[in-house]
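Here is the structure we will look at.
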Amino acid sequence: MTRRLFLLSIICICVHICQAQILEPVKFHVTGDSTRIVFKAKIEKGWHVYSVVDSTASAEDGYGPTWATFNIRHIKGASLIGSLLAMGNEQKEYDDMFGMNVSYFEDSVTFIQNIKITDKHYDIDCYLEYGTCDDVQCLPPTIVDYKYSNVTTTNKSTITDSQYKDNLLTIFFAGIALSTAIYCKNRYPEKLS
C-alpha cells in the first residue's frame, strides 16, 4: 500500500511539473455582437504576436511566421465583411530568421472581424489562429475559439482545442511517469520495498 501511494505521488508531481512548463505568453479576451467579433490580447514582455499578412510580406525561402488569420468552422445566418483587421502599435522590420519583412505587436493587440447578421437565426463557430515568438523561440500556431449564436442546441457537449491539447499533454506525461515508475519497480524491486 505504501509503494502504491508513493508511486501515485510521483506520478502526480511529474504531471504537475510538466503542465507548469507550458508557455502561454498571450492571453485573449473575445467578445462579439451583431457587427463584429473582437479578439483582445495582452502579450507578456519580451514576446510579440504577428500581424495579419500584408502585401509587403514576401519570403525569400517561401516561408514565414504564422500570420494572424480569422477562420470559420461553421457559419449560418451571417456573413463576413472584409478581412481581419489588426489594431495596436504595429512594428515593421526585416527579420533575418524568416528572411522577410514582418509586422508584429508587443504588449497588446486587438484583432477585429466585421460581420453582418443576415437572418434572425444565426450561428457562427470560428477561431483566430496566430503566431507568437520571443527573441529565442517561436511557439506553434495557437488557436482562440469563439462561438456566437442565438440558435439553441440540445445537450451538445464541446471541448475547445486548448482543452483538448491540455488533456492530451496530461495523458502523455502521466503515461511517461507511470512507465517510469513501473520500470523502476521491476528494475530495482529491492530499493522500492
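The values are calculated or read from the model by the stated rules, or taken from the named source; none is laboratory data. Keep in mind the model is a prediction, meaning the values are calculated, not measured. Note: ideal-geometry Cβ built from the backbone for every residue, glycine included; neighbour counts use all protein chains shown. Note: accessible area is taken over every heavy atom of the protein model, side chains too, but ligands, DNA and RNA are not part of it. Shrake-Rupley method; radii C 1.70, N 1.55, O 1.52, S 1.80 Å.
Within the stretch 80-104, residues that are open to solvent by less than 30 Å² (accessible area, probe 1.4 Å) have Cβ atoms under 6 Å from residues that are of a type in the set (Asp, Glu) and at pLDDT below 95 in these pairs: Gly99/Glu60; Gly99/Asp61; Val102/Asp95, counting only partners at least 6 apart in sequence or on another chain. Taken as a whole, the structure leaves Gly175 outside the set of residues that are closer than 27 Å to Gly64 by Cα and either in a helix (DSSP H, G or I) or at pLDDT 95 or above (or both).
When residues in the stretch 122-139 are screened for being farther than 17 Å from Ile72 by Cα, open to solvent by 10 Å² or more (accessible area, probe 1.4 Å) and out of contact with any Ser or Thr (no Cβ under 8 Å at 6 or more places or on another chain), 4 of them pass. Of the residues in the stretch 149-168, at least one is assigned to a helix (DSSP H, G or I), modelled with pLDDT under 70, open to solvent by 50 Å² or more (accessible area, probe 1.4 Å) and in contact with a helix residue (DSSP H, G or I) (Cβ under 9 Å, 6 or more places away or on another chain). Just one of (1) farther than 14 Å from Tyr148 by Cβ; (2) surrounded by 17 or more Cβ atoms within 10 Å (Cβ to Cβ) trips up Phe70, so point out which. With respect to (1) farther than 14 Å from Tyr148 by Cβ; (2) surrounded by 17 or more Cβ atoms within 10 Å (Cβ to Cβ), Phe70 is out only on (1). The residue pairs whose first member lies in the stretch 27-47 and is at positive phi, whose second member is surrounded by fewer than 16 Cβ atoms within 10 Å (Cβ to Cβ) and part of a loop (DSSP other than H, G, I, E, B), and whose beta carbons are closer than 8 Å, counting only pairs six or more residues apart or on different chains, are Gly46/Asp134; Gly46/Asp135. Taking the criterion of being within 15 Å of Val38 (Cβ to Cβ) and out of contact with any His (no Cβ under 9 Å at 6 or more places or on another chain), the residues of the stretch 110-135 that qualify are Thr110, Phe111, Ile112, Gln113, Asn114, Ile115, Tyr127, Leu128, Tyr130. When residues in the stretch 123-148 are screened for being among the aromatic types (Phe, Trp, Tyr), at pLDDT 95 or above and over 30 Å from Asp96 (Cα atoms), 1 of them pass. Screening Phe98 on (1) over 26 Å from Thr152 (Cβ atoms); (2) modelled with pLDDT of 95 or more shows it passes everything except condition (2).
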